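Just so you know, all these numbers are worked out from the coordinates, no wet-lab data involved. Fair warning: this is a prediction, and the values are worked out from it, not measured in the lab. All Cβ positions, even for glycine, are placed from backbone atoms using ideal geometry, and neighbour counts span all protein chains on display.
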């Protein structure tokens, strides 16, 4: 495939709302060399605060499924009484090794989020900076509808890059938007955080 064909294919994937997956060894390497250390910093506090605030407001004492949980930084920002049980799923063993044994009422599972299977139901399912790292973001989101407890919600955070606007547009066409906020930093970083429920829910 020549350069023009590759660029055309990439452009068509973006405007159709597709993401771009990364292999497991790439994730492990980036966690190993500190490539994701910035997620612990001040720049990210506002985003984590919105996500945890949404969970406390809509589902106090929630059971939480955190997809693409990394080293568990979202859980680190929870008060113990604000959740009843937490399950984190991530492809990177290196990230999960940083999380295991640190938190109460929590389990961490190494698995691709598009292959993970569970019969459990959760009050909140979190897609925290995940959806542009899967090939079919809307398909991945839909896949977990069955794991929502009665009146459960999805909480989605997406960094506002050019690719992201097409993913967000497709999500809004299919899901009922309960609430949405855009976070902007002076540095130029920006995120969209949404609380969603399946549109067909009675």
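Can you tell me how the chain classifies by the Cα gyration tensor, rounded, prolate or oblate, using a/c under 1.5 as the rounded cut?
Judged from the Cα gyration tensor, the chain comes out rounded (a/c under 1.5).
Among 91, 148, which comes first, second and so on when ranked by fewest other beta-carbon atoms within 10 Å?
148, 91
With runs of 4+ DSSP H residues as the only contributors, calculate the mean residue ellipticity of the chain at 222 nm using -39,500 (n - 2.57) per run, divided by the residue total and rounded to the nearest 500.
Here the helix-only value at 222 nm equals -9500 deg cm²/dmol.
Of 151, 115, 161, which is the most mobile in a GNM of the chain whose springs link Cα atoms less than 10 angstrom apart?
With Cα springs under 10 Å in the chain, the top fluctuation among 151, 115, 161 is at 115.
Relative contact order for the chain using alpha-carbon pairs under 8 Å, separation at least 6, rounded to a whole percent?
About 22 percent, as a whole number.
Could you work out which residue, out of 97, 33, 147, moves most in a Gaussian network model of the chain, that is, has the largest mean-square fluctuation with Cα springs under 10 Å?
Sorting by GNM fluctuation, first place goes to 33.
Only Cα pairs within less than 10 Å get springs; with that Gaussian network setup on the chain, which residue of 72, 188, 152 has the largest fluctuation?
188
Among bridges DSSP assigns within the chain, what percent are antiparallel (round to 5)?
40
For region 100-139, just say rounded, prolate or oblate: build the C-alpha gyration tensor, square-root its eigenvalues into a ≥ b ≥ c, call rounded for a/c under 1.5, and beyond that prolate if a/b exceeds b/c, oblate if not.
Judged from the Cα gyration tensor, region 100-139 comes out prolate (a/c at least 1.5, a/b above b/c).
Could you give the length gained on full extension between residue 186 and residue 45, defined as 0.36 nm per residue of separation minus the Cα-Cα distance, in nm?
Full extension from residue 186 to residue 45 adds 49.4 nm.
Please work out whether region 94-202 counts as rounded, prolate or oblate from its C-alpha gyration tensor, where a ≥ b ≥ c are the square roots of the eigenvalues and a/c under 1.5 means rounded, while otherwise a/b larger than b/c means prolate and anything else oblate?
Cα axes put region 94-202 in the oblate bin.
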